[in-house]
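Visitor: My questions all concern the structure below.
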Amino acid sequence: MKKIKSLVVCFDRELKANDIPKFRGAVLRNIKEPDIIFHNHKGEKEQYAYNYPQIQYKTINKKAAFFCVEEGVEKIHQFLNLKDWNLNIGGEAISMAIEHLKVNEFLIQAWDKYFTYYINSWLALNDKNYSTYKNLNTEDEKKFFLENILRGNILSFGKGVDCIFDKEVKV
């Protein structure tokens, strides 16, 4: 059981989902020597730090946003403390302003009972997993396969925020 901090920063500018990498790049260009937590690259760009991303670039209600957890909540100030939030996103100069912030603290733990959750826009399958998934024969096999991926995602998140579950994570 562990408490974690989170911060959601939503901006006033609409952003298409396929422009998220451009948004990320624009943010990185505006920060002098951004911390690795902003980009998860070490050394050359081809080398990744395979850690849970504690600063995530997103669209929320079609608007540009950050979702930050743990250390990311503190590090995002490297961007938020800038005097100028004019970003060049895909060749277009865009002035950003914060529409709203939401700060939370969550208790992370496994429970003895089940809860119902709904997941939107989950990218469950990478290229390798997609090939495996396509070759499964029954809906039960596919469901079991996806449940195992989701369980792995939950365990990776726990590891990324230093939370060891004291019970089995069931999906």
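The values are calculated or read from the model by the stated rules, or taken from the named source; none is laboratory data. The structure displayed is predicted, hence computed values, not measured ones. Please note: Cβ atoms are built from the backbone with ideal geometry, for glycine as well, and neighbour counts cover all protein chains shown. These accessible areas exclude ligands, DNA and RNA; they are computed on the full protein's heavy atoms, side chains included. Shrake-Rupley method; radii C 1.70, N 1.55, O 1.52, S 1.80 Å.
Visitor: Please report, as a whole percent, how much of the solvent-accessible surface of the chain comes from carbon and sulfur atoms (probe radius 1.4 Å).
Guide: 50 percent
Visitor: Quick one: ranking 171, 8, 27 by accessible area, 1.4 Å probe, largest first, what do you get? Intermediate values should be presented prior to the final figure.
Guide: Values: 171 60, 8 30, 27 0 Å².
Putting 171, 8, 27 in descending order of accessible area: 171, 8, 27.
Visitor: Mind ranking 23, 144, 165 by accessible surface for me, highest first, 1.4 Å probe?
Guide: Numbers: 23 0, 144 130, 165 40 Å².
My answer, sorted largest first, is 144, 165, 23.
Visitor: Let me ask something additional. Which net charge results when you count Lys and Arg as +1 and Asp and Glu as -1 among the other residues whose beta-carbon is under 10 Å from that of residue 74? Present the calculation step by step, with values, prior to reporting the outcome.
Guide: On the way: positive: 5, 75; negative: 35, 70, 71.
Its environment carries a net charge of -1.
Visitor: Using a 1.4 angstrom probe, figure out how much accessible area the chain has per residue, in square angstrom, rounded to the nearest whole.
Guide: 71 Å²
Visitor: May I pose another question? Once you list every other residue whose beta carbon is under 13 Å from the beta carbon of residue 16, what net charge do they have if Lys and Arg are +1 and Asp and Glu are -1? Please list the in-between numbers first.
Guide: Details: positive: 13, 22, 58, 62, 63; negative: 14, 19, 92.
Neighbour charge sum, excluding residue 16 itself: +2.
Visitor: To the nearest 20 Debye, how big is the dipole of region 104-168 about its Cα centre, given +1 on the beta carbon of each Lys and Arg and -1 on that of each Asp and Glu?
Guide: 180 debye
Visitor: Against the longest alpha carbon principal axis of the chain, how many degrees, from 0 to 90 and to the nearest 10, is the axis of helix 20-30 turned?
Guide: Tilt relative to the chain: about 40 degrees.
Visitor: Here is a follow-up. Given the options 132, 59, 116, state which has the largest fluctuation in a GNM of the chain using a 10 Å cut-off (strictly under) for Cα springs.
Guide: 116
Visitor: So what is the relative contact order for region 1-112, in percent, with contacts set as C-alpha pairs under 8 Å and at least six apart?
Guide: Across region 1-112, relative contact order equals 46 percent.
Visitor: Let me ask something else about it. Quote the accessible area belonging to residue 119 in square angstrom, nearest 10, computed with a 1.4 Å probe and with ligands, DNA and RNA left uncounted.
Guide: The accessible area comes out at roughly 90 Å².
Visitor: Assigning unit charges at the beta carbon (Lys, Arg +1; Asp, Glu -1) and nothing else, what dipole magnitude in debye, to the nearest 20, does the chain show about its Cα centre?
Guide: For this selection, approximately 140 debye.
Visitor: To continue, here is another question. Just grab the label-to-label distance for residue 101 and residue 71, each label 7 Å out from Cα along the Cβ direction, in nm (one decimal).
Guide: Going from the residue 101 label point to the residue 71 one covers 2.2 nm.
Visitor: What figure, in Å² to the nearest 10, do you get for the accessible area of residue 39 with a 1.4 Å probe and non-protein molecules left out?
Guide: Rounded to the nearest 10, that gives 40 Å².
Visitor: Name the shape class, rounded, prolate or oblate, that the alpha-carbon gyration tensor gives for the chain, where a ≥ b ≥ c are the square roots of its eigenvalues, rounded holds for a/c under 1.5, and otherwise prolate holds if a/b is larger than b/c and oblate otherwise.
Guide: prolate
Visitor: Taking R0 as 35 Å, what's the FRET efficiency between residue 127 and residue 169 from their Cβ-Cβ distance, rounded to 0.05?
Guide: Numbers: r = 25 Å, r/R0 = 0.73.
The pair residue 127/residue 169 has a calculated efficiency of 0.85.
Visitor: Projected onto the charge dipole of the chain (+1 at Lys/Arg Cβ, -1 at Asp/Glu Cβ, origin at the Cα centre), which of 69, 149, 85 gives the Cα projection farthest towards the positive end?
Guide: Looking along the dipole axis, the top candidate is 85.
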